[in-house]
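This report refers to the structure that appears directly beneath it.
The values are calculated or read from the model by the stated rules, or taken from the named source; none is laboratory data. Quick caveat, the model's predicted, so the values are computed rather than measured. A quick note on method: Cβ atoms are made from the backbone with ideal geometry, for glycine too, and the neighbour counts reach across all protein chains shown.
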Amino acid sequence: MMKHGKRAAIIGAGLGGIAVALRLAARGWAVDVYEQNHAPGGKMNRWTTNGFRFDTGPSLITMPHIFEELFQAADLRLADYLELQQMVGLTDYHFDDGARFSHSSQLPDWLSTVRRLEEGDDTGFLNFMALGARLFKVSEAAFFRKPPFGRPKLADLRNMRDLPLRFGWGNYNRTICHFFRSPYLRRMFNRYATYVGSSPYHAPATLTVIPYIEQAFGGWHVGGGLYRLVEVLCEQAAQFGVEFHTDCRVEAITQHAGRATGVALAHGPAIEADAVIMNGDASMAPVLLGRDGAVPLAERDRSLSGLVFLYALKRSLPDQPHHQVFFSADYRTEFQQLFAERRFPDDPTVYVNMPSRSDRSMVPGEGEVLFIMANAPASDRDTWDEPMIENARQRVLARLRKSGFPEFESQVAAATVWTPKRIAHQYGMPGGAIYGQASHGWRGAFLRPPNKDRHTAGLYYVGGSTHPGGGTPTVLMSAEITSKLILDYEMA
């Protein structure tokens with residue numbers, strides 16, 4: 001490995017920051033990563049208690065080849081370090097009227113379910129997948145792997161001819177309703193907009209690429225929990241000389257003559273660097289630069305946050321699957337309350353992740369780890385004090401009880417809660433907005449903050465709040481784009 005004498009300072013040790021660190025270090029850069037929390041990982045983190053291990057962020061990965069590409073960039077093999085387990089049953093869905101079904105990653109089984117729900121007809125779903133495939137082809141060629149606003153090549157323009165304008169460019173919910181008659185399938189596929197923290201009633205139809213990706217590439221669990229990915233990447237980055245500085249908050253990005261020159265630490269010296277990479281929320285960079293009038297992302301533009309309850313259970317629940325969703329009675333009203341009224345829903349849709357059903361290494365023996373999440377607004381006005389948390393918890397539990405989830409409170413050995421306020425404080429995310437700005441309208445979906453700052457040379461961005469967007473594989477695509485930009489502009 002050739003050392004170039006170039007140094008990078010990365011603000012935040014989230015998945016994107018770690019991936020950029022590994023890519024740059026493998027190309028001979030000296031890299032320092034500054035993380036304000038006690039452990040790396042950002043939102044992909046872990047909570048442990050008495051032998052119970054919880055992932056506190058993402059609960060599965062998709063597009064595993066993107067993860068393999070990151071390892072290959074450092075001449076490593078993912079299979080030598082991690083065990084990926086494909087989920088045959090992706091999610092069990094429960095509805096207010098008692099209906100339920102399982103979403104299988106095995107197409108013959110899933111088509112059988114679709115035909116049952118669509119009165120014997122699976123053509124709507126197959127046409128929907130064809131739309132997703134076309135959108136994915138265009139996105140892969142012209143969006144996922146390239147920085148925004150770059151000069152398009154002839155091949156990019158040719159690929160754009162394949163963009164399905166009729167159903168791929170309008171409103172997400174209307175496109176779903178075109179392809180599906182079943183209210184249950186409409187509800188299920190509308191939920192995919194929340195994968196990037198958005199409302200299906202305001203998001204563009206291009207986000208229908210998300211359910212296509214999950215069906216085509218599957219959902220995967222990482223043996224030992226998703227945090228194993230963070231641990232392995234940090235270990236390998238350290239082998240290339242990357243230094244991780246935890247409990248180390250950056251309070252400013254230093255600059256001179258229109259160029260970022262390093263970072264100033266809250267407790268420590270100023271650090272010089274040839275490139276500065278922001279792995280926090282992109283809207284915080286102007287604040288760290290001290291730009292006039294700079295403020296964090298406005299509340300009206302924020303993606304969803306979440307309210308998460310983590311429970312360590314003394315008793316096993318062998319009849320429960322790994323992933324479940326318990327839908328509210330009125331989905332449209334729920335999103336009206338989340339985005340227009342900016343309040344926690346009266347009747348929330350609840351996601352339950354129980355990875356110990358697939359991976360018994362997550363528990364000390366008997367018992368389960370239970371991750372329960374409901375969408376919440378990313379609002380600065382909510383106090384999330386004990387009465388507010390308890391009120392929201394009772395709404396979550398009421399939905400679970402009504403939908404038939406077994407009683408578990410008498411079996412709780414330990415518990416903790418993550419509120420939007422805690423997420424905002426822990427990760428420096430305005431209001432706890434998990435994905436930065438909401439993907440509402442084509443501007444929100446496609447005009448995300450670019451990977452290279454337009455005004456300050458030497459300043460770059462990576463992560464879910466920047467191009468090309470949120471989600472673990474997309475964050476790794478962001479890291480690939482950002483690393484290439486740094487090598488192109490800073491090595492010239």
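Taking the range 95-138 as the range and being within 14 Å of P183 (Cβ to Cβ) and in contact with a Gly (Cβ under 7 Å, 6 or more places away or on another chain) as the test, only E118 passes. The condition (being crowded, with 19+ Cβ neighbours inside 10 Å, at pLDDT 95 or above and under 27 Å from Q324 (Cβ atoms)) is satisfied by just one residue among L107, L111, L117: L117.
Counted as qualifying within the range 219-268 are the strands (runs of 3 or more DSSP E) with 2 or more residues that are over 23 Å from the mean Cα position of the chain (by Cα) and free of Cβ contacts under 8 Å to residues at least 60 places away in the same chain, namely 250-256.
Taking the listed residues W384, W418, the one that is on the phi > 0 side of the Ramachandran plot, touching a helix residue (DSSP H, G or I) at 6+ places or on another chain (Cβ under 9 Å) and not small (G, A, S) is W384, with no other qualifying. Is at least one residue of the range 278-287 assigned by TED's automatic domain parsing to the domain that holds F244, charged (D, E, K, R) and touching a residue at least 12 places away in the same chain (Cβ under 8 Å)? Taking every residue of the range 278-287 in turn, at least one turns out to be assigned by TED's automatic domain parsing to the domain that holds F244, charged (D, E, K, R) and touching a residue at least 12 places away in the same chain (Cβ under 8 Å). If you filter the range 478-492 down to residues that are out of contact with any His (no Cβ under 8 Å at 6 or more places or on another chain) and hydroxyl-bearing (S, T, Y), you find that the one that is farthest from V31 (Cα to Cα) is Y489.
Set side by side, the residues F52, F67, F71 differ, and just one is outside the structural domain of I277 (by TED's automatic domain parsing), of a type outside the set (A, V, I, L, M) and more than 17 Å from S478 (Cα to Cα), which is F52.
If the condition is being part of a strand (DSSP E or B) and surrounded by 18 or more Cβ atoms within 10 Å (Cβ to Cβ), then the range 48-77 contributes F52, R53, F54, D55, I61. Across the range 382-424, the qualifying residues are those that are in a loop (DSSP other than H, G, I, E, B) and of a type in the set (F, W, Y), and the one among them that is nearest to L338 (Cα to Cα) is W384. There is no residue in the range 222-237 that is in contact with a Gly (Cβ under 8 Å, 6 or more places away or on another chain) and of a type in the set (S, T, N, Q).
Take A438 and decide whether it is of a type in the set (G, A, S) and within 17 Å of the chain's Cα centre (by Cα).
Yes, satisfied.
Quick check: is even one residue across the range 433-441 part of a strand (DSSP E or B) and buried (at least 23 other Cβ atoms within 10 Å of the Cβ)? Scanning the range 433-441, I find at least one residue that is part of a strand (DSSP E or B) and buried (at least 23 other Cβ atoms within 10 Å of the Cβ), so the answer is yes.
The set of residues in the range 272-305 being within 21 Å of A193 (Cβ to Cβ) and not in a helix (DSSP H, G or I) consists of D281, L297, A298, R302, S303, L304, S305.
Might you check whether a residue that is free of Cβ contacts under 8 Å to residues at least 40 places away in the same chain and farther than 25 Å from F405 by Cβ occurs anywhere in the range 83-105? There is no residue in the range 83-105 that is free of Cβ contacts under 8 Å to residues at least 40 places away in the same chain and farther than 25 Å from F405 by Cβ. Quick one: would you say L297 is of a type outside the set (K, R) and modelled with pLDDT of 95 or more? Against the criterion (of a type outside the set (K, R) and modelled with pLDDT of 95 or more), L297 does not qualify.
Taking the stated definitions as given, is I18 β-branched (V, I, T), within 28 Å of M354 (Cα to Cα) and touching a Cys at 6+ places or on another chain (Cβ under 7 Å)? When the stated conditions are applied, I18 passes them.
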